[in-house]
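The values are calculated or read from the model by the stated rules, or taken from the named source; none is laboratory data. Note that the structure is a prediction, hence the values are computed from the model and not measured. Using ideal geometry, Cβ is built from the backbone for each residue, glycine included, and neighbour counts are taken over all protein chains shown. These area figures cover heavy atoms from the full protein model, side chains too; ligands, DNA and RNA do not enter into them. Shrake-Rupley method; radii C 1.70, N 1.55, O 1.52, S 1.80 Å.
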Amino acid sequence: MYSVNKMEIKNFKGAIFDLDGTLLDSMHIWHDVDVEFFRRRGLPLDSGYVDVIKNMHLPAAAVYTKEKYGLPESAEEIVDEWLGLCAEAYLSDVDLKAGVFDYLKKLYESGVKMAFATASEKIVCEETLKNHGIFDFFTSSAYVSEINVGKTEPDIYLLASERIGVVPEECIVFEDIIEGIRSAKKGGFITCGVFDKSSAKDENEIRQIAYYYIKSFEELL
């Protein structure tokens with residue numbers, strides 16, 4: 001892992017950003033959704049469950065949840081409930097992480113092509129990005145729901161890099177989760193770990209395998 005240096009980290013033509021926990025301070029929203037979902041059913045929420053579903057798109061997570069807990073609702077009904085719980089919160093209770101707007105603006109003005117790659121649903125995240133004035137900085141996007149493969153494989157990052165027309169070797173991936181860093185590195189990308197308190201337990205391992213690691217995007221301004 002290299003120490004972050006503005007001269008070192010600028011040598012790329014494309015940048016791919018995770019959203020939740022990387023650009024958006026939003027991981028607490030999904031925790032709150034999980035807590036409320038299980039509270040309504042009188043079931044315990046365990047950390048093992050969260051670790052399993054955090055890289056899935058919502059339909060796959062709903063199928064897993066239904067099967068694991070023997071829930072009577074359909075997977076579609078579970079997804080609708082989750083979206084209903086989080087939609088308003090994303091617009092009213094999710095902020096950009098420190099330095100995000102200025103760093104994206106800096107890259108945009110430098111001609112770096114950018115995409116976001118996320119396991120969140122389009123209906124949730126795009127309005128949030130527009131609300132914070134950063135949606136138009138991105139050339140394209142990629143959703144786990146498009147490929148049905150979670151972030152344990154590099155497919156989502158490869159799709160994003162294809163859409164912005166930059167090969168992995170010239171493209172940096174910003175991620176807060178260890179699974180994302182591992183798979184992006186496997187796909188041949190430059191990787192930068194981003195601190196988030198939800199993944200703080202993996203910080204040392206992320207530091208070891210990522211090319212770069214930042215506590216805040218303010219370090220890159």
Problem set entry | Flag for I172 being in a helix (DSSP H, G or I) and buried (at least 19 other Cβ atoms within 10 Å of the Cβ) | no
Problem set entry | Members of segment 113-133 that are under 15 Å from the mean Cα position of the chain (by Cα) and closer than 10 Å to L23 by Cβ | F116, T118, C125, T128, L129
Problem set entry | Pairs, first small (G, A, S) in segment 16-36, second part of a strand (DSSP E or B), C-beta under 7 Å, six or more apart | S26/D20
Seminar exercise, completed: A careful count of residues in segment 92-121 that are open to solvent by 30 Å² or more (accessible area, probe 1.4 Å), out of contact with any strand residue (DSSP E or B) (no Cβ under 6 Å at 6 or more places or on another chain) and more than 20 Å from V167 (Cα to Cα) gives 10
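Being open to solvent by less than 20 Å² (accessible area, probe 1.4 Å), under 13 Å from the mean Cα position of the chain (by Cα), under 19 Å from Y90 (Cα atoms) and not polar (S, T, N, Q) is the requirement here; does D34 meet it?
Details: open to solvent by less than 20 Å² (accessible area, probe 1.4 Å): yes; under 13 Å from the mean Cα position of the chain (by Cα): no; under 19 Å from Y90 (Cα atoms): yes; not polar (S, T, N, Q): yes.
No; evaluated as a whole, the condition is false for this residue.
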Exercise. Closer than 23 Å to K105 by Cα, surrounded by fewer than 20 Cβ atoms within 10 Å (Cβ to Cβ) and of a type in the set (S, T, Y) - does that describe any residue in segment 141-164?
Worked result: yes
Seminar exercise, completed: In segment 68-86, residues that are part of a helix (DSSP H, G or I), over 15 Å from H31 (Cα atoms) and out of contact with any helix residue (DSSP H, G or I) (no Cβ under 6 Å at 6 or more places or on another chain) total 5
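Quickly run through segment 119-167 and pick out the residues that are polar (S, T, N, Q) and either part of a loop (DSSP other than H, G, I, E, B) or modelled with pLDDT under 95 (or both). Talk me through it step by step, then tell me what you get.
Within segment 119-167, the first condition is being polar (S, T, N, Q), and the residues that meet it are 120, 128, 131, 139-141, 145, 148, 152, 161.
Within segment 119-167, S120, T128, N131, T139, S145, N148, T152 qualify.
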Exercise. What is the one condition in (1) modelled with pLDDT of 95 or more; (2) open to solvent by 60 Å² or more (accessible area, probe 1.4 Å); (3) in contact with a helix residue (DSSP H, G or I) (Cβ under 9 Å, 6 or more places away or on another chain) that T65 does not satisfy?
Worked result: (2)
Problem set entry | Selection from segment 23-60 of residues that are in a helix (DSSP H, G or I), among the aliphatic types (A, V, I, L, M) and more than 30 Å from Y103 (Cβ to Cβ) | V35, V52, A60
